[in-house]
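One structure below.
The values are calculated or read from the model by the stated rules, or taken from the named source; none is laboratory data. The structure presented is a predicted model; accordingly, all values stated were derived computationally and were not measured. Note that each Cβ is placed from the backbone with ideal geometry, even for glycine, and that neighbours are counted across all protein chains shown.
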Amino acid sequence: MSIKFSKDSNNIVTLTFDNPDRSVNLLNHAFGESFRATMKRLKDEKDTIRGIIVASAKDSFFAGADIDEMFSETSAQEFFDRAEEFKAGLRYLETQGKPVVACINGSALGAGFEIALACHYRLAFNNPKAQIGFPEVTLGLLPGAGGVTRMVRLIGLQPALTYLTEGRKVDPKTALNDQIIDELVMDKTTLLVKAQEWILNNPSAAQPWDEKGYKMPGGSPLQPKVAQLLPIAPAMLAKKTYNNYPAPLAIMSAAVEGALVDFDTASRIESRYFVGLATGKVAKNMIKVFWQQLNAINAGHSRPKTDVKGDFKKVGVLGAGMMGSAIAYCSALSGIETVLKDVSEESAAKGKAYSEKLLQKRVSKGKMTKEKAEEVLNRIKATGTAADLKNCDLIIEAVFENRELKAAVTKEAEAQMDPSGVFASNTSTLPISGLAAASVRPENFIGLHFFSPADKMPLVEIIVGEKTNDETLARAFDFVKAIKKTPIVVNDSRGFYTSRVFATYVLEGIALLQEGCPPRAVEMAGLQAGMPVGPLALTDEVSLSLIAHIREQTAEDLKAEGKTIPQNHAYEVVEKMLAMNRAGKAAGAGFYEYPKDGGKKFLWPSLTEYFPTKGNVSEQDMMERMMFIQVIETVRCLEEKVLRSVPDANIGSIFGWGFAPFKGGTLQYVNDYGFAEFIARAKELQLQYGERFAVPALLPQMAKEGKTFE
């Protein structure tokens, strides 16, 4: 049984959640059976019960639904019936006439907090690391066990929607301030005592919405001050999501419609919207990538099976530019002694100041004490002396993308570091095997590709060179996890995976401009397709000069191999823009204008003068060209074994450069589109726009065998 039933001398029943097979409590079939049996027993013993306490035997209260079990071949009718059955039990709990108290000893998320909301009083242990809230929207779902219905009635439409549509998770203190819990307890051991006291003092407790004369906080949707806001909300949502994410709108609809009817009808409305989402493509895509595949990566599926563990006590970072400074910050923040080296101590000190600025921001927001910030900052040693790298067990070079420079700093640093240590290059495009040629220990050489800004971006791409051994990979993987980043592992190649595929997006957008598509239409097509930033704006952020530099470097490398670089008319645009001194945001001018007074950027009005508009490409073609080109290149990376797994491809595309999350990543995009349909559409694009849209042989072979990307 997942629920233990006990009764004390005061006839107060304690229901203790304790999943026997998991480290946390989850809503699954086994819990559902225990819950039904428990509600029946409460009903049978109703006359002998004075009150009910809901508690947990785990370190957390309740982690939510068992997603893997819930979404294994479940039909719409099954989803609806299960939701309604569980909600009927919760409804009985809150209406059976005896006071019910939730003792929230740790995190209460999703279905876990929905259970707590069905209690009359919510006590929570004041643990700042605990999380309370509803993450369902991040998986394309809505809280389907009464969360929408009860939150709206508890705190009102607008505050409830903030929690529900944003997947907001807060600490207990914030939850108390927002009035979604009732009391904080400073000592976990007193939770049950407090609960018992409250039950004895409140024998006739009921939910506010079940009391006579109840009025919804903030007003119902029929009241003028609320009604005038309702038509605006969906438009604001559409502007933000481009209607690619159905969950926020479904939550909004369930909340507003439910607020107009009685509780039980509102609950059924919520169930119907839940079923619509749970059986839809977007939820399936997001669950596959953000639940199944991300969990697999975090569990170490890409890590070699070796007993070697990366326990880093001292890390060196070479180059105190923005990237190196941010990497040093991440390392020090994770408790690791860090050496930040540049050409001089003065230059390194400027890099350390970046960490100081980030730490001050944390202190000002109350996320860190001043003492803790000073402790983190003191872990960073800014230096211009190579000898300070002595005994580093990991060194990461983050200098300019130049082979000779990287070779020089590699030799200098390796002479000082621990001989068994790992040397990593933060290059974004240069092949690791080539860079490792400068190393005296190429088996200990690996790529750690961070994304800018490294203090915010969640992904690190680990690149395995020809001579990199499994122990080095395992230790690098452990370091990425230690600094709380998500690692993907790929094999060596020019541009690896992320840079190689990301480049196709911006270059296709530039090519559209060259072909006469209106600049604003190009940007909007990228956004509507699901990318976080339009291709022209993104090019400005990266800088056109860097794109030109990478092309020149690639051309030199290929020439040395007796090859030539493929032609792409997007580079004609890049060359023309650079000739006009419009290199991007950092240069103050690119595809966009950047007002010196700090005003909002806007597309350069003269773009249409230099790249005349012809308007001969449909919006659908623009959108699919930008998405298909990324997907095709990803399939090519898998075919060439640059990519080692499907999860690495999908997570890398979303966390690395923001590929449409609602599609589940670049390879899940094909599953979502359908193999046969994708191949047919790619053929149309190939015939109309060029050979770059030809699908790799892997796709038709998989389609023939009935396989998908799993």
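Among the residues of the stretch 230-252, those identified as assigned to a loop (DSSP other than H, G, I, E, B) and either surrounded by 17 or more Cβ atoms within 10 Å (Cβ to Cβ) or touching a residue at least 60 places away in the same chain (Cβ under 8 Å) (or both) are 242, 244, 245. Cβ separations smaller than 9 Å between residues 6+ apart or across chains give the following pairs from the stretch 538-556 residues that are farther than 22 Å from residue 520 by Cα and in the same structural domain as residue 575 (by TED's automatic domain parsing) to residues that are at pLDDT 85 or above and acidic (Asp, Glu): 548/575. Whether a residue is under 25 Å from residue 8 (Cβ atoms), out of contact with any strand residue (DSSP E or B) (no Cβ under 6 Å at 6 or more places or on another chain) and surrounded by fewer than 24 Cβ atoms within 10 Å (Cβ to Cβ) was assessed, and residue 197 passes this test.
Residue-wise test of (1) under 24 Å from the mean Cα position of the chain (by Cα); (2) part of a loop (DSSP other than H, G, I, E, B); (3) assigned by TED's automatic domain parsing to the domain that holds residue 689.
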| residue | (1), (2), (3) |
| --- | --- |
| 453 | yes, yes, no |
| 461 | yes, no, no |
| 467 | no, yes, no |
| 472 | no, no, no |
| 479 | yes, no, no |
| 484 | yes, yes, no |
| 490 | yes, no, no |
| 505 | yes, no, yes |
| 512 | no, no, yes |
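Contact map, the stretch 589-618: first residue in the same structural domain as residue 533 (by TED's automatic domain parsing), second residue β-branched (Val, Ile, Thr), Cβ cut-off under 8 Å, separation 6 or more or different chains; pairs are 590/539; 591/539; 611/573. Any residue in the stretch 17-45 that's within 17 Å of residue 6 (Cβ to Cβ) and in a helix (DSSP H, G or I): show its pairings with residues that are of a type in the set (Phe, Trp, Tyr) and at pLDDT 95 or above at Cβ separation under 6 Å, as long as the two are six or more apart or on different chains. Listed pairs, sorted by first residue: 39/92.
Any idea which residue in the stretch 283-322 is nearest to residue 670 (Cα to Cα), counting only those that are more than 20 Å from the chain's Cα centre (by Cα) and among the basic types (Lys, Arg)? Break it down stepwise before answering.
Of the residues in the stretch 283-322, the ones more than 20 Å from the chain's Cα centre (by Cα) are 303-322.
If we keep only those that are among the basic types (Lys, Arg) as well, we get 303, 305, 309, 313-314.
Working: 303: 26, 305: 31, 309: 37, 313: 43, 314: 43 Å.
This residue is 303.
Would you mind stating whether residue 182 is surrounded by 15 or more Cβ atoms within 10 Å (Cβ to Cβ) and under 20 Å from residue 98 (Cα atoms)? Spell out the reasoning first.
On the way: surrounded by 15 or more Cβ atoms within 10 Å (Cβ to Cβ): yes; under 20 Å from residue 98 (Cα atoms): yes.
When the stated conditions are applied, residue 182 passes them.
Taking the conditions exactly as written (of a type outside the set (Ser, Thr, Tyr) and more than 26 Å from residue 410 (Cβ to Cβ)), does residue 374 satisfy them or not? Outline the logic, then answer.
Values: of a type outside the set (Ser, Thr, Tyr): yes; more than 26 Å from residue 410 (Cβ to Cβ): yes.
It is true that residue 374 is of a type outside the set (Ser, Thr, Tyr) and more than 26 Å from residue 410 (Cβ to Cβ).
Going through the stretch 651-689 one residue at a time, which ones are part of a loop (DSSP other than H, G, I, E, B) and either at pLDDT below 95 or within 30 Å of residue 450 (Cα to Cα) (or both)?
Here is the first cut: in the stretch 651-689, the residues part of a loop (DSSP other than H, G, I, E, B) are 658-660, 664-667, 674.
Result: 658, 659, 660, 664, 665, 666, 667.
Select, from 506, 480, the only residue that is out of contact with any His (no Cβ under 7 Å at 6 or more places or on another chain), free of Cβ contacts under 8 Å to residues at least 40 places away in the same chain and closer than 29 Å to residue 427 by Cα. Among 506, 480, only 480 is out of contact with any His (no Cβ under 7 Å at 6 or more places or on another chain), free of Cβ contacts under 8 Å to residues at least 40 places away in the same chain and closer than 29 Å to residue 427 by Cα.
Here the condition is being in contact (Cβ under 8 Å) with a residue 60 or more places away in the chain, surrounded by 23 or more Cβ atoms within 10 Å (Cβ to Cβ), in contact with an Asp or Glu (Cβ under 7 Å, 6 or more places away or on another chain) and farther than 30 Å from residue 174 by Cβ; of 382, 348, it holds for 382 alone. Every test in (1) over 23 Å from the mean Cα position of the chain (by Cα); (2) under 30 Å from residue 150 (Cα atoms) is passed by residue 280 save one, and that test is (1).
Being of a type in the set (Val, Ile, Thr) and either more than 22 Å from residue 419 (Cα to Cα) or surrounded by fewer than 24 Cβ atoms within 10 Å (Cβ to Cβ) (or both) is the filter here, so list the residues in the stretch 385-399 that pass it. Talk me through it step by step, then tell me what you get.
Within the stretch 385-399, the first condition is being of a type in the set (Val, Ile, Thr), and the residues that meet it are 385, 395-396, 399.
Listed by number, the residues that qualify are 385, 399.
Here residue 552 clears all of (1) in contact with a Leu (Cβ under 9 Å, 6 or more places away or on another chain); (2) modelled with pLDDT under 95 except the condition numbered (1). Within the stretch 275-303, the residues that satisfy the criterion of being aliphatic (A, V, I, L, M), part of a helix (DSSP H, G or I) and farther than 16 Å from residue 65 by Cα are 282, 289, 294, 296, 297.
In the stretch 439-451, what residues are among the hydrophobic types (A, V, I, L, M, F, W, C) and either in a strand (DSSP E or B) or at positive phi (or both)?
Taking the stretch 439-451 first, the residues among the hydrophobic types (A, V, I, L, M, F, W, C) are 440, 445-446, 448, 450-451.
445, 446, 448, 450 - these are the residues of the stretch 439-451 that are among the hydrophobic types (A, V, I, L, M, F, W, C) and either in a strand (DSSP E or B) or at positive phi (or both).
I need the full set of residues from the stretch 481-497 which are modelled with pLDDT of 95 or more and buried (at least 24 other Cβ atoms within 10 Å of the Cβ), in order please.
Initial filter on the stretch 481-497 (modelled with pLDDT of 95 or more): 481-492, 497.
Within the stretch 481-497, 487, 488, 489, 490, 497 qualify.
From the list 148, 185, which one is more than 25 Å from residue 258 (Cβ to Cβ), in the same structural domain as residue 274 (by TED's automatic domain parsing) and β-branched (Val, Ile, Thr)? Spell out the reasoning first.
Numbers: 148 fails: more than 25 Å from residue 258 (Cβ to Cβ).
When all the criteria are applied, what remains is 185.
Does residue 451 satisfy the condition of being among the aromatic types (Phe, Trp, Tyr) and surrounded by 24 or more Cβ atoms within 10 Å (Cβ to Cβ)? For residue 451, the condition - among the aromatic types (Phe, Trp, Tyr) and surrounded by 24 or more Cβ atoms within 10 Å (Cβ to Cβ) - is not met.
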